[in-house]
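Quick notes on the structure that follows.
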Amino acid sequence: MIRRIRTPLIALVGAATLSACFSFGGKPPPFLLTLDPDAAPAAGAARTAADASTLTILIPTAPQKLRTTRIPVQQDDASIAYVQDAQWVEAPQRLFQRLLSETVAARTSRVVLDEGQYLTAPGEQLAGQLMEFGVDARSNEALVVYQAMLVAAGGKTVTQRRFEAREPIGGKVEAKRTGEALTRAANRVAVDVAVWLGE
């Protein structure tokens, strides 16, 4: 005997509501966002350093809300949404690490290495946490917060410093405008880090 299974009306309404709020794949975003550094090392410039005097910039750790290619919007102390149709080309902590490396190399005399480039002695290491990298809806600003940790060669000393930058979005929170504001804020933080490392 075959039973007929009835789907309650409330389940159908719930499914329709969910499909209106979330995308279950398929349509890609209209474009992908990336971070462009305001400064980069000159082409053809050569630098030499002993192992212990190099600087290796590590990919920062990040909280769960940033472990995605989407841009978080902090609506209040307990609520987070994401910018519609906005997506990074890769994880934001990797984009920030690359921008930071380019900026430090351009604005200091340091030989800057990526964590995949050093062979035996990485010299000093710049680690840290990308604590905020998104939108503060309460002030309509892009917000970047980076907690840096400079580890001396051999790990004998550790110095911490927190960097923060805000940039106005200047209108509706949308993909292009938000990406541009976050790029400006990320570049400001990177310059401040470069100045600190050059002191």
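The values are calculated or read from the model by the stated rules, or taken from the named source; none is laboratory data. Since we're looking at a predicted model, the values are computed, not measured. With ligands, DNA and RNA removed, areas are computed over all heavy atoms of the protein, side chains included. Shrake-Rupley method; radii C 1.70, N 1.55, O 1.52, S 1.80 Å.
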Cα convex hull of the range 151-196 - mean projected area over all directions, nm²: 4.1 nm²
For Thr69, the accessible surface traced by a 1.4 Å probe with all protein chains present amounts, in square angstrom to the nearest 10, to 40 Å²
Stokes-Einstein D for the range 82-199 (4 °C, 1.567 mPa s, Kirkwood Rh from Cα pairs), in µm²/s, comes to 85 µm²/s
Run down the aspartates and glutamates and flag those whose C-alpha is under 19 Å from the C-alpha of Lys65, throwing out any fewer than 8 positions away in its chain. Asp76, Asp77, Asp85, Glu90, Glu132, Asp136, Glu141, Glu164, Glu174
For the range 59-102, restrict the atom set to alpha-carbon positions and state the Rg and Dmax in Å. 11.5, 35
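Whenever you get a sec, line up Ile71, Ile80 from highest to lowest accessible area (probe 1.4 Å, protein heavy atoms). Each step should come with its number before you reach the end.
Numbers: Ile71 0, Ile80 75 Å².
Descending order: Ile80, Ile71.
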